[in-house]
Each structure stands twice: as C-alpha cells, then as structure tokens.
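Below is one structure, written out as structure tokens; comments come after it.
The values are calculated or read from the model by the stated rules, or taken from the named source; none is laboratory data. Please read these numbers as outputs of a predicted model, since none were measured by experiment. Note: ideal-geometry Cβ built from the backbone for every residue, glycine included; neighbour counts use all protein chains shown.
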Amino acid sequence: AQKVTQAQTEISVVEKEDVTLDCVYETRDTTYYLFWYKQPPSGELVFLIRRNSFDEQNEISGRYSWNFQKSTSSFNFTITASQVVDSAVYFCALSDLMKTSYDKVIFGPGTSLSVIP
Amino acid sequence: NAGVTQTPKFQVLKTGQSMTLQCAQDMNHEYMSWYRQDPGMGLRLIHYSVGAGITDQGEVPNGYNVSRSTTEDFPLRLLSAAPSQTSVYFCASRRGLAGLKTQYFGPGTRLLVL
C-alpha cells in the first residue's frame, strides 16, 4: 500500500537559514511519481515539483532543491536562505500506476514551516 | 481560463442537513477528484472521476456522493451532514496521469457542521 510520511510536523527557522523538509514514502511499485506542494497561509495548493522513480538526479530551482534517494525511499526538500514568504505548509505526495485507469495521488500529513524575520 | 473553481467558499450546516459542493474546470481535463484536508492528516481522496459518466471511490468515500454528467463539472454531495465532515474540501483536475500532467487545485471550501 502507498504511504507518505512527513515526520516533521512543525519547523521554525530564522530568515536566511537553510531548512530541509523530510519525506519518506512506501510503495510496492517500481514505477511511481513523487511530488511536493506548497500551501501558503492563503490556503491554495501550489505545485512545486514532480519526479519519477527512474530519475534520481537531484534538482535545483532557485533557492529550492530536492534530493531523491530510492535506497532510503526519501524525497527531501531543501530551501536555501529561507525567506518569510516561504512560510507555508508543505506536502509531499506519491502516485503509482495502478492497474486501473486512475493513479491516486496520496499526500503526506504536511510540514508547517515558519520563517521568522 | 478560470482554472478550477469551487463554490461556496464557506458553509455552515447543521447535523443532518444536505448540501452540494460545486466544482468546475474550464481546461477540458478528464481527471477530477475531491479531497478533504484535516489537521495532521494531509489531503485524503474522497471520490474521483476519469471522465464524464465515470466515478469511483477514494480513501474516505463514506457520507459523500458524486456524479459527473459533463467534463466541466464534478459536484460533491453530502447527503446527511455530520460533525466529522467538518473540513476543508479541495477539488482538483488534471489532463492525464499525475506523473505526466500537473494537477490543479481549486481554492477550497471550508465546511463547518454543527
């Protein structure tokens, strides 16, 4: 069965610090996809990244970077030089190819990040 | 494009009342789904649809009904509201498999059941 664990419920950092949000997943499939979403205080869900199980290259986008390690079933998210605007709840999610026509996207419980000025 | 729209934004119900949460998208997406968000539990899938006339259950379907008569609309019905259904509800849509196509979310409906 699919499962996504985000062990860090809440994190507080001071502005300009680096912070890493952990995500551990479980799936029996060899083909699957991992995602990160951001939910700012305004409440909308913003897509950040999608990564497939065959691509273990780390990815960097500005101050954001993602580290995917199949050996430890982890897909961690690092924000470098954090800013107040990074304060949000961050969700890690997983989908695998089911034997039906629909691939469910399963979300972790989320990590609430507060960046203090 | 308006993207994914949801109405109402906020609703208060009494236990036993029924209501329909509306969801519409103008991107011609085949896949639509409903999630509920509760503190500490992330988003949980209620029902989903892979096209007009086709719906199926997600992780937490009890107490909810859906139908998909058009590609654009995917309403969620609460037949007899219970306090346990107090939550924030998100509708989402995408063109195809989540691994290939971005999933877009509506702004959410905050529901309070007294």
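Does A:F54 fit the bill of being crowded, with 17+ Cβ neighbours inside 10 Å, within 20 Å of A:V4 (Cα to Cα) and touching a residue at least 12 places away in the same chain (Cβ under 8 Å)?
On the way: crowded, with 17+ Cβ neighbours inside 10 Å: no; within 20 Å of A:V4 (Cα to Cα): yes; touching a residue at least 12 places away in the same chain (Cβ under 8 Å): yes.
Taking the combined requirement at face value, the residue does not satisfy it.
Against the condition within 14 Å of chain A (Cβ to nearest Cβ), crowded, with 18+ Cβ neighbours inside 10 Å and among the charged types (D, E, K, R), how does B:R36 come out, does it pass? Reasoning before the result, please.
Details: within 14 Å of chain A (Cβ to nearest Cβ): yes; crowded, with 18+ Cβ neighbours inside 10 Å: yes; among the charged types (D, E, K, R): yes.
Here the answer is yes, as B:R36 does meet what is asked.
What's the number of the condition B:M41 fails, among (1) over 11 Å from the mean Cα position of the chain (by Cα); (2) away from chain A (no Cβ under 13 Å); (3) under 23 Å from A:D103 (Cβ atoms)?
(2)
I'd like to check something: does the range B:99-109 contain any residue that is polar (S, T, N, Q), at the interface with chain A (Cβ under 8 Å from one of its Cβ atoms) and farther than 20 Å from A:A1 by Cα? Walk me through how you get there before you give the answer.
Let us first name the residues in the range B:99-109 that are polar (S, T, N, Q), namely B:102-103, B:109.
Filter once more, so that each one left must be at the interface with chain A (Cβ under 8 Å from one of its Cβ atoms): B:102-103.
Restricting the remaining residues to those that are farther than 20 Å from A:A1 by Cα gives B:102-103.
Checking the range B:99-109: at least one residue is polar (S, T, N, Q), at the interface with chain A (Cβ under 8 Å from one of its Cβ atoms) and farther than 20 Å from A:A1 by Cα.
Could you please tell me which pairs satisfy a Cβ distance under 6 Å, a separation of 6+ or placement on different chains, a first residue in the range A:92-105 that is within 16 Å of A:F47 (Cα to Cα), and a second residue that is modelled with pLDDT of 90 or more and in a loop (DSSP other than H, G, I, E, B)?
Every condition considered, the pairs that remain are A:C92/A:Q6; A:C92/A:C23; A:C92/A:G108.
Every residue in the range A:1-33 that is within 13 Å of another protein chain (Cβ to nearest Cβ), surrounded by fewer than 16 Cβ atoms within 10 Å (Cβ to Cβ) and outside any loop (DSSP other than H, G, I, E, B), please.
A:K3, A:T5, A:E10 - these are the residues of the range A:1-33 that are within 13 Å of another protein chain (Cβ to nearest Cβ), surrounded by fewer than 16 Cβ atoms within 10 Å (Cβ to Cβ) and outside any loop (DSSP other than H, G, I, E, B).
Collect the residues in the range B:3-58 that are within 20 Å of B:V88 (Cβ to Cβ) and part of a loop (DSSP other than H, G, I, E, B), keeping them in residue-number order.
Result: B:G3, B:P8, B:K9, B:K14, B:T15, B:Q17, B:S18, B:P39, B:G40, B:M41, B:G58.
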